[in-house]
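Report on one structure; see the data block that follows.
The values are calculated or read from the model by the stated rules, or taken from the named source; none is laboratory data. No experiment lies behind these values; they were computed from the predicted model shown. FYI the Cβ positions are ideal-geometry reconstructions off the backbone, even for glycines, and counts take in every protein chain you see.
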Amino acid sequence: MAAFDIVTIRLFLAIARAGSIGEAARREHIAASAVSRRISDLEAALKVQLLRRVPHGVELTAEGRMMAAHGERLLSVIQDMTRDFRPYAEGERGEVYLAAVTSALNTGVPEALRTFREAHPEVTVHVQELYSREAVEAVTEGRVDFAVVADTAHRGSRLHAVPFCEDPIWVVTPLDHPLLAGRKPGEGVSIAEAAGYDVISLHQGGAIDELISAGCREAGVTLSSVIHVSRFGSLRRMVEAGLGIGFLRHSSIERYLEVMAIQAAPISDAWAARSLDIISTGRDHMPPAARRLHDFLADQGRGA
């Protein structure tokens with residue numbers, strides 16, 4: 001047994017206050033024999049006598065009074081430490097490491113973070129913008145607490161996932177493009193119809209690229225990719241310039257329809273109904289602050 005463990009110090013102080021080993025044992029809900037053994041071990045470790053037996057119990061020796069003074073200070077420090085760590089344990093203070101794909105940062109994630117920060121100002125959130133595959137790797141390797149990614153990105157993994165929001169695939173075209181001519185706002189377009197036009201495609205291997213490729217195989221069509229870009233903003237500008245049509249998640253198009261010379265429509269094929277998910281190795285593996293933010297984002301998604 002360690003001579004200076006907190007339990008022993010607390011028991012010694014209980015004896016000092018009660019003036020009796022038996023009474024201290026009763027108050028601390030422990031056998032008197034166990035208390036005596038701990039005090040004997042403590043005296044042996046310090047090589048001093050801490051208690052003197054008197055007719056009605058025990059009293060402190062000079063060394064015992066010194067031990068009591070040190071003990072009170074130690075317990076006070078521990079109480080201060082416990083109090084200081086409590087906000088971290090309750091998730092009210094701490095740091096959270098979050099990865100998010102660009103589509104997530106174009107949806108309600110920033111607004112949700114603002115609301116969360118207003119309620120929990122002592123939680124610092126570190127956000128990394130990553131491709132879906134990179135975000136999955138970051139979660140798996142423990143470099144981030146959790147991530148918001150495309151729903152297709154974590155297929156085949158053992159990661160836990162909860163939905164954040166719907167984010168379907170849309171086609172984006174220049175204004176007055178024949179693909180959308182005569183269509184009502186929000187009317188769907190099939191991938192087969194879109195395949196008849198030049199396409200600005202995103203980087204190969206990305207979540208959207210894989211979805212489009214799989215959709216084309218399913219429909220038995222091939223796209224004519226004239227330009228490849230790596231960023232959503234580049235794709236929008238190429239489309240606006242009239243170089244072709246493109247495919248993006250709705251979140252990456254919606255806010256630009258009023259400020260750019262582009263138009264858009266949902267892809268009507270079933271595979272285009274996509275979502276963004278919150279992925280992690282499990283809530284129990286997260287620090288309290290990360291768990292609190294994870295649950296907050298999940299609730300935001302359920303309420304969307």
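Only one of (1) under 19 Å from His120 (Cα atoms); (2) surrounded by fewer than 20 Cβ atoms within 10 Å (Cβ to Cβ) is not met by His285, so which one is it?
(1)
Quick check on my filter: what residues within the range 159-178 are in a strand (DSSP E or B), out of contact with any Gly (no Cβ under 9 Å at 6 or more places or on another chain) and surrounded by fewer than 19 Cβ atoms within 10 Å (Cβ to Cβ)?
Selection gives Ala161, Glu166.
Residue under question is Ala44, and the condition is that it be hydrophobic (A, V, I, L, M, F, W, C), touching a residue at least 12 places away in the same chain (Cβ under 8 Å) and within 30 Å of Asp167 (Cβ to Cβ); does it hold?
No; evaluated as a whole, the condition is false for this residue.
Of these, Leu113, Leu60, which one is closer than 30 Å to Arg255 by Cβ, modelled with pLDDT of 95 or more and not small (Gly, Ala, Ser)?
Leu113 is the lone residue from the list that is closer than 30 Å to Arg255 by Cβ, modelled with pLDDT of 95 or more and not small (Gly, Ala, Ser).
Say we look at the range 247-272 and pick out the residues that are touching a residue at least 24 places away in the same chain (Cβ under 8 Å) and β-branched (Val, Ile, Thr); which of these is surrounded by the most Cβ atoms within 10 Å (Cβ to Cβ)?
Out of the qualifying residues, it is Ile253.
If you check Ala153, Ala147, which single one turns out to be touching a Ser or Thr at 6+ places or on another chain (Cβ under 8 Å), outside any helix (DSSP H, G or I) and modelled with pLDDT of 95 or more?
Ala147
Of (1) in the same structural domain as Ile279 (by TED's automatic domain parsing); (2) in contact with a Leu (Cβ under 6 Å, 6 or more places away or on another chain); (3) at pLDDT 95 or above, Met67 satisfies all except one. Which?
The number of the failed condition is (1).
Output the residues belonging to the range 81-97 that are in contact with a helix residue (DSSP H, G or I) (Cβ under 7 Å, 6 or more places away or on another chain), on the phi < 0 side of the Ramachandran plot and surrounded by 16 or more Cβ atoms within 10 Å (Cβ to Cβ).
Across the range 81-97, the qualifying residues are Tyr88, Arg93, Val96.
Taking Leu60, is it in contact with a helix residue (DSSP H, G or I) (Cβ under 9 Å, 6 or more places away or on another chain), among the hydrophobic types (A, V, I, L, M, F, W, C) and either farther than 30 Å from Asp145 by Cα or exposed (fewer than 11 other Cβ atoms within 10 Å of the Cβ) (or both)?
So Leu60 passes the test.
Could you grab me the full set of residues in the range 256-288 that are part of a helix (DSSP H, G or I) and within 26 Å of the chain's Cα centre (by Cα)?
Arg283, Asp284, His285, Pro288
Residues checked against (1) in the same structural domain as His160 (by TED's automatic domain parsing); (2) touching a Phe, Trp or Tyr at 6+ places or on another chain (Cβ under 6 Å); (3) closer than 14 Å to Ala104 by Cβ:
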site	(1), (2), (3)
Ser230	no, no, no
Leu235	no, no, no
Ala241	no, no, no
Ser252	no, yes, yes
Tyr256	no, no, no
Met286	yes, no, no
His294	yes, yes, yes
Leu297	yes, no, yes
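Tally time: how many residues in the range 16-38 are in contact with a strand residue (DSSP E or B) (Cβ under 7 Å, 6 or more places away or on another chain) and either surrounded by fewer than 17 Cβ atoms within 10 Å (Cβ to Cβ) or touching a residue at least 40 places away in the same chain (Cβ under 8 Å) (or both)?
Qualifying residue count for the region: 2.
Can you pull out the residues in the range 82-113 that are over 15 Å from the mean Cα position of the chain (by Cα) and free of Cβ contacts under 8 Å to residues at least 60 places away in the same chain?
Of everything in the range 82-113, those that are over 15 Å from the mean Cα position of the chain (by Cα) and free of Cβ contacts under 8 Å to residues at least 60 places away in the same chain turn out to be Thr82, Arg83, Asp84, Phe85, Arg86, Pro87, Glu111.
Could you please find all residues in the range 179-222 being closer than 15 Å to Trp271 by Cβ and outside any helix (DSSP H, G or I)?
Gly188, Val189, Ser190, Ala195, Gly220, Val221
Tell me which of these Arg117 doesn't satisfy, since it passes every other one: (1) surrounded by 12 or more Cβ atoms within 10 Å (Cβ to Cβ); (2) out of contact with any Leu (no Cβ under 6 Å at 6 or more places or on another chain); (3) part of a strand (DSSP E or B).
Arg117 satisfies all of (1) surrounded by 12 or more Cβ atoms within 10 Å (Cβ to Cβ); (2) out of contact with any Leu (no Cβ under 6 Å at 6 or more places or on another chain); (3) part of a strand (DSSP E or B) except (3).
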